[in-house]
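Accompanying notes for the structure given below.
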Amino acid sequence: MYGYHGKSLIVDLSTRTHRWDAIGSDALRNFIGGIGLGTYLLYRYCPPGADPLGPDNPLLFVGSPLVGTRLTTSSKFAVLTKSPLTGFIADSLSSSHLATELKKCCGDALIIVGRAGEPTLLRIEGDALEPDHISVKFEDAADLAGLGAAAREEAIKERLGDPRYRVACIGPAGEAQVKFASISNDGGRQAGRCGLGAVMGYKNLLAVALRGHLPVEVAQPEAVRSYGKDLSRRSLGAATEKYRNLGTIANVAVFNRLGTLPTRNFRESTFEGAEQVSGEELHRNHLQRNTGCANCTIGCERILVSRDRGDRKGRGGVRMEYESLFALGPLCGVADPDVVIRAAAICDDLGMDTISAGATVAWAMECFERGLLTTEDTGGLDLCFGNGDALLRTLEDMGHRRGIGNLLAEGSRAAAAVVGSGSEAWAMQVKGLEMPGYEPRSLKTMALGLAITPRGACHNRSSAYEADFSDRVDRLSVDEARGRIAAESEDFEAVLDSLIWCKFLRKAFHDFYEESAQVYSMVTGWEMTAHELRRCGERISNLKKLFNIREGWTRADDTLPPRALEEPLPDGVAAGVGLTKEELDYMIAGYYQARGWTADGMITEDKLAEMGLLDLTTPVGQDAIRL
Amino acid sequence: MNGTAATVRVKVELFGTPRIHSGTAAVELAVPYPANRGKLVAALAKQCPALLGHGLKEDLTDLEDGYVFNLNGLAFLGEADFTLANGDSLLLISSQAGG
């Protein structure tokens with residue numbers, strides 16, 4: 001088999017056993033890999049109604065057909081589970097060397113079930129002479145408890161005595177089952193969203209170390225090599241210049257000027273301190289170095305350092321992305337770049353999603369300013385917008401579940417349910433997942449994307465904002481086309497996230513679907529057309545929704561927080577612009593129609609049949625063929 | 001920002017790579033009337049030659065792929081031609097919005 005191995009490794013932490021399960025060629029072809037194949041496997045291996053923080057909830061690491069080909073940006077993997085933050089699908093991507101080792105060690109996926117009795121390091125190693133034979137060890141990891149994510153990764157490599165091991169691990173926040181804890185790999189890259197790290201922490205699984213030898217073969221190596229050279233050349237063109245020169249932090253100044261930079265918990269859409277924390281300023285004053293993932297020609301990563309005399313956090317360098325910058329800066333009213341850098345370093349060290357962490361602190365800051373939280377609750381902290389010291393200490397408290405941090409570690413939706421008094425209205429989340437840095441009132445297509453995406457408010461699974469940042473639509477008003485645009489953008493992202501290509505490569509393709517289908521055929525030897533690939537995207541989008549429906553989704557879950565639907569923007573070029581519930585419902589209806597779903601957003605049996613998803617209603621495990 | 005009968009005065013705000021390379025956040029230009037896309041690009045290149053190859057095409061015909069103009073923070077101008085009025089502000093930004 002080319003591009004795939006046709007099998008996944010199942011590890012049961014409770015029984016300390018493992019086995020190989022077959023993955024049929026139809027499943028591989030229909031769901032591609034990454035997020036798509038992961039969704040298929042999650043649907044199969046997660047029992048309906050499973051407690052996200054229970055032994056039955058599987059944690060999946062999934063590779064893709066492009067991993068190991070050395071095509072630019074292809075060293076990526078997906079991590080999936082049922083989210084403890086949302087109760088729905090959790091699907092995140094991460095990247096770099098771990099992706100290759102995962103494929104060489106565990107086949108197409110590693111599926112972890114059960115729960116270890118004590119803190120455990122799961123060590124999986126292939127045999128160099130007999131690659132199909134693997135050793136799975138459940139090692140005591142008590143000595144690793146409490147270490148920060150980066151220190152833990154280093155300690156494991158030192159303990160194993162082989163730097164070629166690749167490690168995925170949680171930090172203290174994962175151990176504390178903070179509901180938005182992340183999983184870290186390859187020196188600080190994060191599978192960040194939806195609380196994957198909390199699931200790992202519940203399982204008492206502090207880290208996974210992989211070292212494999214399975215061959216990664218492609219059907220047409222010369223064609224892949226030739227295509228790869230051409231794609232790498234294109235990846236260095238104007239279409240990626242933003243990412244190569246400044247990285248995603250370039251968004252701050254632009255979004256501020258366009259009135260779409262969420263500020264002080266989405267109360268405003270411009271920030272008076274935006275220039276101080278802009279990508280341009282950080283580039284000038286805080287850049288330590290540029291770097292990138294394995295097998296990437298773009299190199300979008302910006303390692304920034306703080307320059308102040310604060311503690312050591314942030315002085316060794318931290319990866320900074322726009323989403324971390326917006327959430328820990330403008331969203332909390334913080335304009336001091338040193339504070340924002342240190343805040344991102346704290347989140348990475350503890351292993352927490354920076355978006356959810358920042359957004360939950362921003363919610364708490366508003367509660368504090370309105371008197372719903374007091375210094376008694378905060379342990380004396382003046383938790384108002386702009387107080388950088390309070391931000392840093394609250395992040396630490398969240399990661400360790402200390403004091404007010406224990407409440408905030410549940411995420412903004414759950415915290416608002418406890419505090420009440422109307423604070424739900426400014427808990428800026430969808431389905432429990434905190435919103436990214438795209439103001440929905442001045443980006444109407446993205447407003448729809450944020451409302452309907454299965455994993456919750458997300459800018460990665462829906463790229464509907466692309467229409468708003470173009471001349472295709474008027475971003476300040478709604479119309480009937482938005483439903484189709486949102487559906488197409490989701491399907492596009494589903495294919496991108498399943499092959500898996502980096503999002504920043506997307507404009508380097510002449511024709512994304514045509515080229516990707518050709519590459520898929522070259523790698524796997526299975527003929528794939530652009531039309532079939534589009535259908536794969538639609539199928540994956542439907543299956544994500546099907547998973548959520550199975551786990552209790554209703555029409556009421558596709559919405560935006562009351563603030564976004566009731567308060568017009570007070571400032572910037574979009575001052576006075578709002579988004580009504582009627583406007584959002586109008587767009588959502590158009591989206592359901594574009595999907596061929598019912599008016600309530602349910603998937604019809606005809607649609608399931610059309611997508612080839614009807615047979616997925618068989619009970620869990622029945623299709624698993626053990627090898 | 002008033003122009004003469006023969007010119008239109010506009011401001012061009014620079015973001016990201018163009019700002020880094022030109023060393024400035026904004027430039028004011030007098031663009032020959034009627035001020036359209038081609039004349040704007042030519043005037044911008046003349047005042048800010050550092051933008052050639054970093055936002056503006058070397059042959060002065062247009063923006064590079066991957067860049068776009070936005071008018072007054074509101075409308076994205078795409079590839080079509082346009083005319084400008086005195087006091088307009090154009091944002092030169094990357095067309096890659098993701099992050």
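The values are calculated or read from the model by the stated rules, or taken from the named source; none is laboratory data. All values reported here derive from a predicted model rather than from experimental measurement. Positions of Cβ are backbone-derived with ideal geometry, glycine not excepted, and every protein chain shown enters the neighbour counts.
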Condition set surrounded by fewer than 15 Cβ atoms within 10 Å (Cβ to Cβ) and in contact (Cβ under 8 Å) with a residue 12 or more places away in the chain, scope region A:563-577, selection nearest to the other protein chains (Cβ to nearest Cβ): answer is A:Ala575
Among strands (runs of 3 or more DSSP E) entirely within region A:77-177, at least 2 residues that are touching a residue at least 24 places away in the same chain (Cβ under 8 Å) and charged (D, E, K, R) occur in A:120-126
Within region A:582-616, residues charged (D, E, K, R) and closer than 12 Å to A:Val478 by Cα come out as A:Glu582, A:Glu583, A:Asp585
Pairs returned, first residue in region A:232-247 that is more than 11 Å from chain B (Cβ to nearest Cβ) and under 17 Å from A:Ala294 (Cα atoms), second residue that is surrounded by 19 or more Cβ atoms within 10 Å (Cβ to Cβ) and not hydroxyl-bearing (Ser, Thr, Tyr), beta-carbon separation under 7 angstrom, 6 or more apart or interchain, are A:Ser235/A:Ile298; A:Ser235/A:Leu505; A:Ser235/A:Ala508
Restricting region A:439-479 to residues that are within 9 Å of chain B (Cβ to nearest Cβ) and of a type in the set (Gly, Ala, Ser), the one farthest from A:Leu496 (Cα to Cα) turns out to be A:Ser470
A:Glu321 passes all but one of the listed conditions (1) among the acidic types (Asp, Glu); (2) free of Cβ contacts under 8 Å to residues at least 60 places away in the same chain; (3) touching a helix residue (DSSP H, G or I) at 6+ places or on another chain (Cβ under 6 Å); the exception is number (2)
Could you tell me whether region A:287-296 includes any residue that is assigned to a helix (DSSP H, G or I) and within 14 Å of another protein chain (Cβ to nearest Cβ)?
no
A:Pro436 vs (1) under 22 Å from A:Ala239 (Cα atoms); (2) touching a residue at least 60 places away in the same chain (Cβ under 8 Å): all pass except (1)
Considering region A:250-266, residues that are at the interface with another protein chain (Cβ under 8 Å from one of its Cβ atoms) and in a helix (DSSP H, G or I), and then whichever is surrounded by the fewest Cβ atoms within 10 Å (Cβ to Cβ), we arrive at A:Arg257
Quick check on region B:84-98. Is at least one of its residues without any contact (Cβ under 8 Å) to a residue 24 or more places away in the chain and closer than 24 Å to A:Leu282 by Cα?
yes
Checked region A:335-355 for anything more than 21 Å from A:Gly146 (Cβ to Cβ) and in contact with a Gly (Cβ under 6 Å, 6 or more places away or on another chain); matches are A:Ala335, A:Asp336, A:Val339, A:Val340, A:Ile341
Here, strands (runs of 3 or more DSSP E) confined to region B:5-99 with at least 2 residues that are in contact with a strand residue (DSSP E or B) (Cβ under 8 Å, 6 or more places away or on another chain) and more than 11 Å from chain A (Cβ to nearest Cβ) are B:7-14, B:26-32
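Please note which helices (runs of 4 or more DSSP H) are completely contained in region A:511-614 and include at least 1 residues that are in contact with a Phe, Trp or Tyr (Cβ under 6 Å, 6 or more places away or on another chain) and either in the same structural domain as A:Gly36 (by TED's automatic domain parsing) or at pLDDT 95 or above (or both).
A:512-524, A:530-550, A:562-566
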